[in-house]
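Comments concern the structure below.
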Amino acid sequence: MTIPDSPLSDLPLDALDPLDEQALLLALAPIAPPPAGRARMLAQLRSQTAPAGTASMLTVRREQGQWIQIAPRVERKTLMQTATMSAFLFRLAPGGVLPEHEHDGDEESLCLEGEAVLDDGLRIATGDFHFAPAGGRHPVLRSPGGCLLYVRCAHA
């Protein structure tokens, strides 16, 4: 597999060092769809998942959505995004690492499976809830044995 339309197009993706690949992936700015396209996508999603009489509700089934690799041994599945919040699942394979990052808005996390350790020494295990306020900075998060996290972020 190569990177299309890039000066690196002849470079196989597995030739990148995993830490360099992670840094490049995290440096990418999100691309928002145009407002009309976003509204059309949300309407289509709601029509597929909302039973009659529950138009304002959203259910995402286990088999729905797509896991996207965002770093070596780290995948993210978007459950919901609005103008004011986003909800994700993060799946870290054993040895998975999320880099240090800042929070524009409040962030709530719930460890659904496994265990993760922040570089400041905080250990989060199955069933643990963690809150990080807007303006705060999370240290590096590592999962030696793997974990599944539910994360809800408010947008400033």
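The values are calculated or read from the model by the stated rules, or taken from the named source; none is laboratory data. Owing to the predicted nature of the structure, the values given are computational and were not obtained by experimental measurement. All Cβ positions, even for glycine, are placed from backbone atoms using ideal geometry, and neighbour counts span all protein chains on display.
Summary of computed values
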| read-out | value |
| --- | --- |
| Test result for Ser143, of a type in the set (S, T, N, Q) and without any contact (Cβ under 8 Å) to a residue 60 or more places away in the chain | yes |
| Residue that is free of Cβ contacts under 8 Å to residues at least 12 places away in the same chain and within 30 Å of Met41 (Cβ to Cβ), where the choices are Glu102, Glu63 | Glu63 |
| Matching strands (runs of 3 or more DSSP E) fully within region 62-156 where at least 2 residues are on the phi > 0 side of the Ramachandran plot, surrounded by fewer than 16 Cβ atoms within 10 Å (Cβ to Cβ) and touching a Phe, Trp or Tyr at 6+ places or on another chain (Cβ under 6 Å) | none |
| Residue within region 89-98 that is free of Cβ contacts under 8 Å to residues at least 60 places away in the same chain and closer than 23 Å to Pro34 by Cα present | no |
| Any chance Asp128 is closer than 24 Å to Ser143 by Cβ and modelled with pLDDT under 85 | no |
| Residue under evaluation Ser86, criteria (1) touching a Lys or Arg at 6+ places or on another chain (Cβ under 9 Å); (2) without any contact (Cβ under 8 Å) to a residue 60 or more places away in the chain; (3) within 17 Å of Ala156 (Cα to Cα); (4) not hydrophobic (A, V, I, L, M, F, W, C), criterion not met | (2) |
| Arg61 out of contact with any His (no Cβ under 7 Å at 6 or more places or on another chain), at pLDDT below 90 and over 20 Å from Glu108 (Cβ atoms) | no |
